[in-house]
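Input: a single structure, listed below in structure tokens.
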Amino acid sequence: MIIAIDFDGVLARTEYPTILGPMPYVCEAMTQLHSDGHTLIVNTCREGEELTNAINWLLSQRIPFDIVNDNTP
């Protein structure tokens, strides 16, 4: 299954543009979905430096994803 997930308020608690931390159970849920073979797309209206910050935050939190703001090939 292909699953699109919003960043602000769904994956991360934020006071835009500040990222405060992960929403409860996000790391576990995203890890389980990814290991079950689902394609995870992060959708966000962030762009430029704020988008880079969001992607880097996901990586630092070890929250798996496959694509950001794009469709599957």
Report summary line: Across segment 46-56, the tally of residues that are open to solvent by 30 Å² or more (accessible area, probe 1.4 Å) and either touching a residue at least 24 places away in the same chain (Cβ under 8 Å) or among the basic types (Lys, Arg) (or both) stands at 2
Query raised in the report: Within segment 24-37, how many residues are surrounded by 15 or more Cβ atoms within 10 Å (Cβ to Cβ) and either β-branched (Val, Ile, Thr) or touching a strand residue (DSSP E or B) at 6+ places or on another chain (Cβ under 9 Å) (or both)?
Result: 4
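The values are calculated or read from the model by the stated rules, or taken from the named source; none is laboratory data. Computed from a prediction, not measured in an experiment: that's the story for all the values here. Here Cβ is always computed from backbone atoms with ideal geometry, including for glycine, and neighbour counts include all displayed protein chains. The area values use the complete protein model at the heavy-atom level, side chains included, leaving out ligands, DNA and RNA. Shrake-Rupley method; radii C 1.70, N 1.55, O 1.52, S 1.80 Å.
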